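For reference, the structure is listed below as structure tokens.
The values are calculated or read from the model by the stated rules, or taken from the named source; none is laboratory data. Model, not experiment: these values are computed from the prediction. As a convention, Cβ positions derive from the backbone with ideal geometry for all residues, glycine included, and neighbour counts pool all protein chains shown.
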Amino acid sequence: MIHTRFAFVKANWHSEIVTKALEGFLEVVPKEDVDIFEVPGAFELPLISRDLASSGRYAAIIAAAFVVDGGIYRHEFVAQAVMNGLLRAGLDSGVPVLSVSLTPHHFQETEHHRSVFTTHFIEKGREAARSALKIVETRQRIASWRPDILT
């Protein structure tokens, strides 16, 4: 296991579902290696992710949100802005920023949909953890060949 620090940023909108991604992440990465941050909604994820990445404390940032179609066109705009912002935060800082931000086309406040997406977020959290660990390992291998590449 690679010992390093990760930041997990989660949006509070639909927190009962989004928190499941954190739970899945912590099944793979020890809790003592993870700092947890909360933001009001998905739109705030890129800014905080950029700030955390720029801090130099973290090997990777994981950002989680659930952007649902509330009957207006806004959700597509928010989802696109969030994804572009997370990508930019990672590229600008040189620190991987991974997304567990999902935008279902059809979400309804029913027990069935909550159950489906709760289960999905747990698995997505696990996937993000495995991806973060693999990216860190790969970057460490690259740095051992070219020490200047990650500075």
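Would you confirm, using the coordinates I've provided, whether Ser115 is modelled with pLDDT of 80 or more and polar (S, T, N, Q)? Judged against the criteria, Ser115 is not a match. Checking each residue in the stretch 34-60 for being aliphatic (A, V, I, L, M) and without any contact (Cβ under 8 Å) to a residue 60 or more places away in the chain picks out Val34, Ile36, Val39, Ala42, Leu45, Leu47, Ile48, Leu52, Ala53.
As a summary of the residue check, Ile122 satisfies the conditions (1) closer than 17 Å to Ile36 by Cα; (2) modelled with pLDDT of 90 or more; (3) over 11 Å from the mean Cα position of the chain (by Cα) except for the one numbered (2). Criterion first (of a type in the set (Ser, Thr, Tyr) and touching a helix residue (DSSP H, G or I) at 6+ places or on another chain (Cβ under 9 Å)) does Ser49 satisfy it? In short, yes. Restricting the first member to the stretch 119-145 and to residues that are surrounded by fewer than 17 Cβ atoms within 10 Å (Cβ to Cβ), and the second to residues that are at pLDDT 90 or above and in a helix (DSSP H, G or I), the beta-carbon pairs closer than 7 Å and six or more apart or on different chains are Glu123/Gly24; Arg130/Val28.
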